[in-house]
Amino acid sequence: MATGTAAGHRGRLRERFSKNRLNGFHDYEVVELLLTYAIARRDVKPLAKSLLSRFGTLCKLFEATRGELMEVDGVGENAATLLTLLKPLTKEYLGARPEMRQKVSSAEDAVAAAKNIAPATGSVSTLYLNTKNEVLYVEEAATAYGQAGSITPKAIIESAIERNAKSIIFVRTLSKNAKVPKRPEEEELAAVKAVATAAGTLDIAVHDYIITSDEEHLSAREKGFL
């Protein structure tokens, strides 16, 4: 059972948030506040600190998978569900706020949008855009280098229709220290072209396939590969 001290601390955290949102909160206190809604009758400060120690930053913590979270001693189903909910919930929120949508006018803009909203490395992100080239939604289309073949037209187009998207951009974010190739692999280009062909029948354009690292990027469109 929660001690009077622990229960009082939970109450004070919630009161601080109610009055000042997250102003003045340490990162571990943000996690601690969240955990109070998933774990009852327990001091969760040590667990909050353990999670930040394991993942390093709030961003990386909120990008962790359910399995990764549950490897941390003390994290159960409820806590893992709550923490993994934050990233997709944020994407839904940003997509619903027109004034917060990122506009894509260049390959650099697309890379920034992919990293800001779905910054996981070693994956291919799909950016769905409206007629103003504003980002409606970003989702992971494939994981790890060499798996671009798993970018299937059916799944991509269904998601585009659901979001009422008019165009698509793919961004492959390389793992740390990986070098951007001079051209995409043929498998990658074939997968993207298959999506472009299918999407074109519905007047949905595939603008680009971009490969990016920390320091540089390659645009298949700019290089004439698409």
Positive dipole terminus of the chain, leading residue within ILE157, PHE170, LEU89 (C-beta point charges): LEU89
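Quick one: of the DSSP bridges fully inside the range 101-219, what percent are antiparallel, nearest 5?
Counting only bridges with both partners in the range 101-219, antiparallel ones make up about 70 percent.
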Here the Cα Rg-to-2.2 N^0.38 Å ratio for the chain is 1.18
Return the whole-Å distance between the Cα centroid of the range 71-86 and the Cα centroid of the range 163-188. 30 Å
If the chain between THR201 and ASP109 were fully extended at 0.36 nm per residue, the gain over the current Cα-Cα distance would be 30.5 nm
By how many degrees, 0 to 90 and rounded to 10, does the Cα axis of helix 186-200 deviate from the longest principal axis of the chain? 90 degrees
Amide H contacts of ASP214 (H built 1.01 Å from N, under 5 Å, at least 5 apart or other chain): ASN177
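Of LYS60/LYS154; LYS60/LYS115; LYS60/LYS176; LYS103/LYS166, which ones are farther than 21 Å apart at the Cα?
LYS60/LYS154
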Residues of type aspartates and glutamates that LYS87 reaches as a straight line, Cα spacing below 13 Å, ignoring anything fewer than 8 places off in the same chain: GLU63, GLU139, GLU140
Under a plain spin-label model, where a point goes 7 Å from the Cα along Cα-to-Cβ, how far apart in nm are ALA38 and LEU189? 4.4 nm
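Every number in this text was worked out from the coordinates using simple rules, so none of it is lab data. Remember, it's a predicted structure, so these values are computed and weren't measured experimentally. Methodologically, a virtual Cβ is constructed for each residue, glycine included, from the backbone with ideal geometry; neighbour enumeration extends over all protein chains shown.
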